[in-house]
1. Please go through region 119-135 and give me each residue that is over 18 Å from Glu51 (Cα atoms) and in a helix (DSSP H, G or I), ordered by number.
2. Residues that are under 21 Å from Gly31 (Cα atoms), within 16 Å of the ligand (Cβ to nearest atom) and open to solvent by 40 Å² or more (accessible area, probe 1.4 Å): does region 145-166 have at least one?
3. Any chance you could count how many residues in region 90-118 are assigned to a loop (DSSP other than H, G, I, E, B) and basic (Lys, Arg)?
4. Only one of Ile17, Ile65 is within 13 Å of the ligand (Cβ to nearest atom) and crowded, with 21+ Cβ neighbours inside 10 Å. Can you tell me which?
5. What's the total number of residues in region 68-78 that are within 13 Å of the ligand (Cβ to nearest atom) and touching a residue at least 40 places away in the same chain (Cβ under 8 Å)?
6. Taking Thr102 as the residue in question, decide whether it is more than 18 Å from Val33 (Cβ to Cβ) and within 14 Å of the ligand (Cβ to nearest atom).
7. Going through region 116-144 one residue at a time, which ones are more than 16 Å from the ligand (Cβ to nearest atom), within 22 Å of Val179 (Cα to Cα) and open to solvent by 60 Å² or more (accessible area, probe 1.4 Å)?
Amino acid sequence: MAVEEAGLDPCAMAQEIHRQIDYQRGHIDAGKVARALDITKISYDALTTYEGALLTNDEHTIGIISVNTNAGVWRRRFTIAHELLHFLNPTHRQTETGFRCTRKDMSAAGPAAGRHYLQEKEANQFAAELLAPRARFDAYMSQAPDISAVVEISQELRISKQVAGRRYQDLHPSPIAMVSAQNGKVIHVRYGDGFPKLDLEIGAALPEEFAVRNCSKSAGSILTYNDQHNRQRENPCLNAQVLKQQEGFSITMLTLKSG
Ligand SMILES: [Zn+2]
């Protein structure tokens with residue numbers, strides 16, 4: 001298999017792989033794809049400071065991927081796909097010790113500048129596109145946002161709920177915010193296009209109202225946002241759906257209630 005004709009766009013490269021393997025549905029075997037694209041070895045190691053690494057030469061003609069076994073099996077698949085893009089894109093540059101990618105690198109997505117950040121962002125775009133083909137989301141896009149869809153997609157595609165949730169948020173036409181929390185404290189808020197910025201600080205307690213599935217009357221009064229004139233506004237009523245995870249983690253999907 002070869003993907004040179006797809007150019008350097010990470011999404012186009014992933015879609016070219018889907019075309020060549022005649023992808024229809026179900027999960028993608030990231031290791032099999034990597035080996036078909038000249039990765040000679042995937043080693044599984046208990047890594048402590050990073051999630052994955054790629055060892056390659058300047059010409060990117062040979063490649064070995066190292067994957068952290070302290071991560072869950074589904075996360076390892078994302079790591080393999082992420083490292084594969086560093087290998088496939090000849091403009092990606094490594095340091096003396098090769099590409100070493102941390103968990104933070106694996107979530108790089110925003111507009112921050114710099115070669116390293118851009119490379120990580122591209123690797124994440126490729127991994128998301130490869131493992132979560134956008135065609136598999138089509139059936140959900142005409143329905144109102146629902147966190148049960150994220151669970152279904154996660155299970156079918158064997159990707160973490162975080163990855164499935166980010167992908168769902170990016171592809172769904174409705175404005176969505178995803179709030180990650182641990183033990184009831186906010187650790188990250190990810191805003192989709194068109195979702196107003198909330199007064200929800202990192203470390204703040206997650207409003208109890210988010211523990212309910214449907215819109216709660218008081219959810220609107222807890223969260224405020226600043227409009228384009230920097231005036232504080234009360235939020236429109238929010239729909240909040242919570243997905244409890246292991247070790248006290250939770251993901252809350254927020255959508256704006258229409259009408
Ligand atoms: Zn990386």
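The values are calculated or read from the model by the stated rules, or taken from the named source; none is laboratory data. Just so it is clear, the model here is predicted, and its values are computed rather than measured. Cβ placement follows ideal geometry from the backbone for every residue including glycine, while neighbour counts extend to all protein chains displayed. Accessible surface is based on the protein model in full, side chains and every heavy atom, while ligands, DNA and RNA are left aside. Shrake-Rupley method; radii C 1.70, N 1.55, O 1.52, S 1.80 Å.
1. Let us first name the residues in region 119-135 that are over 18 Å from Glu51 (Cα atoms), namely 129-130, 132-135.
Result: Glu129, Leu130, Arg134, Ala135.
2. Here is the first cut: in region 145-166, the residues under 21 Å from Gly31 (Cα atoms) are 153-164.
In the following step, the residues that additionally are within 16 Å of the ligand (Cβ to nearest atom) were identified as 163.
Remaining after also requiring open to solvent by 40 Å² or more (accessible area, probe 1.4 Å): none.
So far as region 145-166 goes, no, none of its residues is under 21 Å from Gly31 (Cα atoms), within 16 Å of the ligand (Cβ to nearest atom) and open to solvent by 40 Å² or more (accessible area, probe 1.4 Å).
3. Applying the first criterion (assigned to a loop (DSSP other than H, G, I, E, B)) to region 90-118 yields 90-94, 96-97, 102-104, 108-114.
With the extra rule that they be basic (Lys, Arg), the set shrinks to 93, 103-104.
The total comes to 3.
4. Working: Ile17 fails: within 13 Å of the ligand (Cβ to nearest atom).
Residue meeting the stated conditions: Ile65.
5. Within region 68-78, the first condition is being within 13 Å of the ligand (Cβ to nearest atom), and the residues that meet it are 68, 78.
Next cut, touching a residue at least 40 places away in the same chain (Cβ under 8 Å) only: 78.
Residues in region 68-78 being within 13 Å of the ligand (Cβ to nearest atom) and touching a residue at least 40 places away in the same chain (Cβ under 8 Å): 1 in total.
6. Details: more than 18 Å from Val33 (Cβ to Cβ): yes; within 14 Å of the ligand (Cβ to nearest atom): yes.
Criteria met by Thr102.
7. Applying the first criterion (more than 16 Å from the ligand (Cβ to nearest atom)) to region 116-144 yields 132-144.
Narrowing the set further to residues that are within 22 Å of Val179 (Cα to Cα) leaves 132, 137, 140-141, 143-144.
Matches in region 116-144: Gln143, Ala144.
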